[in-house]
Amino acid sequence: MKKETKDKVVFAAFLAPALFAFVMVVIIPFFMGLYYSMTDWTAVVGRQVNWVGLRNYQNMFNNVAFQYSFFRTFLFSFLSVISINLIALMFAFLVTREIRLRNLYRAGFFIPNLIGGLVLGYIWQFIFKEVVPAIGGRLGISLIENLLLLSDPNLTMFGLVMAFTWQYAGYIMMIYVAALLNVPQELLEASEIDGANFWQKFRNITVPMIAQAFTITSFLTLVNSFKQYDIIVALTAGGPTAIFRGQVVDSTELLAVHIYNVAFKYNRMAEGQARAIVFFLMLSVVSIGQVYFNKKKEIEM
Amino acid sequence: MIKKKVLIKIVLQVITIAFFLFTMFPFFVVVINSAKSSLEIVTAPIDFPDQWSQLWFNIRTIWTSDSIRYASSVYSSVIITTLSLITISVFSAMAAWVLVRRKTGMSTFIFLLFISGLIIPFQVVMFPLVAFFRIIFETTGIRMLREYHGIIFAYIGFGAPLAVFMFHGFIKSIPVELEEAALLDGCSKPQIFFHVIMPILKPIFVTISILNAIWIWNDFLLPSLILGIGQDVQTIPLAIAGFAGSFVKQWDLIMTAVLMAAAPIIVGFIIAQKHIIKGMVSGSIK
């Protein structure tokens with residue numbers, strides 16, 4: 001009996017610090033948020049909070065800026081997942097070959113990941129605004145010289161994808177490297193003796209062996225593109241403006257930025273919170289669905 | 001056949017170097033433009049600077065800038081990052097250990113609660129969190145906003161799910177016999193954890209610390225809400241945001257500020273490169 005009590009005390013004492021912090025900053029605010037999203041909450045201290053039911057959610061779905069932001073977020077995530085994984089896989093292939101200085105390249109590809117999204121956004125803003133036109137001028141190519149990537153609503157998205165790929169591909173490369181190093185060399189050599197070409201080796205040995213890594217990388221890239229905030233704030237600040245269904249909208253105001261702006265810029269806290277809840281639901285569905293789909297594929301392979 | 005192999009090798013080498021140079025290009029842009037005056041930077045953004053001595057002038061300007069407060073911002077970032085790293089790792093390892101070793105329904109429930117934290121994005125809790133911190137201040141008098149302990153506490157809460165998850169997976173593979181032997185030798189439970197388990201967990205500590213260091217050092221949204229931009233306690237990203245926001249077109253100084261913001265973590269990476277790469281590669285396949 002005494003030992004059991006003692007065990008319980010140790011259990012509680014060891015668990016308490018992490019659990020207390022987690023409950024205080026994630027669990028309680030999560031349920032507060034759920035409640036606030038159905039009220040006219042304004043975050044003003046002392047002001048009475050009134051229940052409004054699902055009104056904030058109805059306003060959201062009828063809101064053109066939200067609908068637009070929703071599509072743009074999916075577009076950005078789709079482009080980013082493809083771009084980051086392609087580049088990362090290529091990097092991983094190159095740095096696991098027998099080439100000179102491969103450790104230097106591996107470290108070099110990884111370094112942009114150490115730069116925070118905010119700082120990185122300013123760097124790329126400078127590149128797109130000043131450096132790219134200067135290079136175009138030097139080469140005498142007027143198309144590049146006059147390329148104002150950040151003023152064209154159709155092109156800005158690619159600028160964002162590029163900046164994000166620069167930051168994140170090196171990190172994803174590490175995961176692919178770990179997976180590629182696990183592919184048994186004997187298998188590749190044996191298939192080579194049997195006359196398999198590069199593509200056959202890749203398709204039939206490498207891809208199935210790194211399928212598990214692919215589940216992780218596509219999950220990470222998807223979730224992180226969906227939640228992207230820092231780079232956008234520093235690189236485009238949501239702009240430039242575009243026209244969508246007859247209304248002026250911000251072409252790179254993706255959901256994470258949109259939620260923040262609704263709450264703080266337009267001072268509609270409760271509506272911002274309702275959008276955050278929907279954002280959470282979408283993110284859960286998309287990411288869980290993606291993992292489920294890939295796990296099934298993994299087994300088939 | 002041999003010739004073809006050599007050719008492929010050369011081609012791969014060239015492709016790799018091309019990608020490497022492309023990846024390094026933005027850093028190159030930052031370095032050369034940190035040493036320019038405000039006029040030179042717009043007229044010749046891709047040339048080497050006229051005088052490298054301009055770099056020291058720009059660094060001095062940033063160093064003495066009232067809005068960046070470089071020394072104090074670096075200090076705040078270092079304090080917040082290191083204290084958060086240590087507390088997240090130690091507290092999460094402690095929690096994960098008792099959750100693995102005490103097999104009850106309660107343990108499973110709490111573990112799942114932590115896991116649920118992995119899919120809750122920051123956006124969904126950020127507004128209520130700030131409100132909740134304000135409520136805490138009003139009811140207990142403990143100030144959480146704009147304080148070191150407030151933001152570190154928040155990082156423990158947001159960092160715990162992933163850390164608990166990773167430690168949990170690893171601790172499951174440690175044989176219980178090890179702990180039973182220590183128990184027979186007269187060790188108490190806390191002694192077992194700190195003297196037997198913690199040393200075994202070292203590789204996971206390294207991996208988690210690297211991931212958290214990159215995250216916390218560069219984080220912007222959470223500190224902007226909890227500390228606020230332009231307040232007494234500000235991290236490097238907040239300082240940069242405040243500065244770049246107030247000098248929209250001062251690219252020369254923004255580039256220098258960016259250089260000075262990125263330098264500490266890049267130097268740190270180069271020094272500890274071997275461990276970091278090893279930690280990343282081994283940690284990513286659990």
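For this structure, a couple of remarks:
- Selected from A:Asn59, A:Asn50, A:Asn154 as most flexible by GNM, with chain A as the system and alpha-carbon contacts under 10 Å: A:Asn50
- Among the chymotrypsin sites (Phe, Trp or Tyr not before Pro) in the range B:230-280, those located in a DSSP loop and surrounded by at most 16 other Cβ atoms within 10 Å of their own Cβ are B:Phe247.
- Using Cβ point charges alone (K and R +1, D and E -1), the dipole size of the range B:70-246 about the Cα centre works out to roughly 200 debye.
- Cα-based reach from A:Lys201 at 25 Å (exclusive), listing lysines while leaving out same-chain residues under 8 positions away: A:Lys295, A:Lys296, A:Lys297, B:Lys3, B:Lys4, B:Lys5, B:Lys9
- Spin-label zone in the range B:89-114 - amide nitrogen under 20 Å from a point set 7 Å from the Cα of B:Val176 along the C-beta vector: B:94-112
- As computed over the range A:114-189, the Cα convex hull volume per residue (Å³): 145
- With a simple spin-label model that places each label point 7 Å from the Cα along the Cα-to-Cβ direction, the separation between A:Ile135 and A:Val248 comes to 3.3 nm.
- P(r) of the protein assembly as shown over all Cα-Cα pairs, binned every 10 Å from zero, in whole percent: 3, 15, 25, 27, 19, 9, 3, 0, 0
- Cα-projected label distance for A:Val44 with A:Phe31, points at 7 Å along beta-carbon direction, nm: 2.9
- Compared with the dominant principal axis of the Cα atoms in chain B, helix B:70-101 is inclined by about 30°.
- DSSP-loop GluC sites (Glu not before Pro) across the range A:92-201, with at most 10 other Cβ within 10 angstrom: A:Glu98
- Along each principal axis, Cα extent of the range A:64-300, largest first, Å: 65, 49, 30
- Taking label positions 7 Å along the Cα-Cβ direction at both B:Leu118 and B:Val14, the computed distance is 4.5 nm, reported to one decimal.
- Look at the stretch A:31-41: the mean tally of other chain Cβ atoms within 10 Å of its residues' Cβ atoms is 3.
- Once the trypsin sites (Lys or Arg not before Pro) in DSSP loops with at most 11 neighbouring Cβ atoms within 10 Å are cut out of chain A, the longest remaining piece is A:101-244.
- Anisotropy class of chain B from Cα gyration tensor, a/c 1.5 cut: oblate
- ³J(HN,Hα) computed for each position of the range A:49-66 - Karplus, 6.51 cos²θ - 1.76 cosθ + 1.60, integer Hz, glycine/proline x: 9, 10, 6, 10, x, 9, 4, 4, 6, 5, 4, 4, 5, 8, 8, 5, 4, 5
- Residues of the range A:68-92 with amide N under 14 Å of the 7 Å Cα→Cβ point at A:Gln290: A:73-86
Throughout, read-outs are computed from the coordinates displayed, never taken from laboratory work. Every value quoted in this text rests on a predicted model; they were computed, and no experiment measured them. All Cβ positions, even for glycine, are placed from backbone atoms using ideal geometry, and neighbour counts span all protein chains on display.
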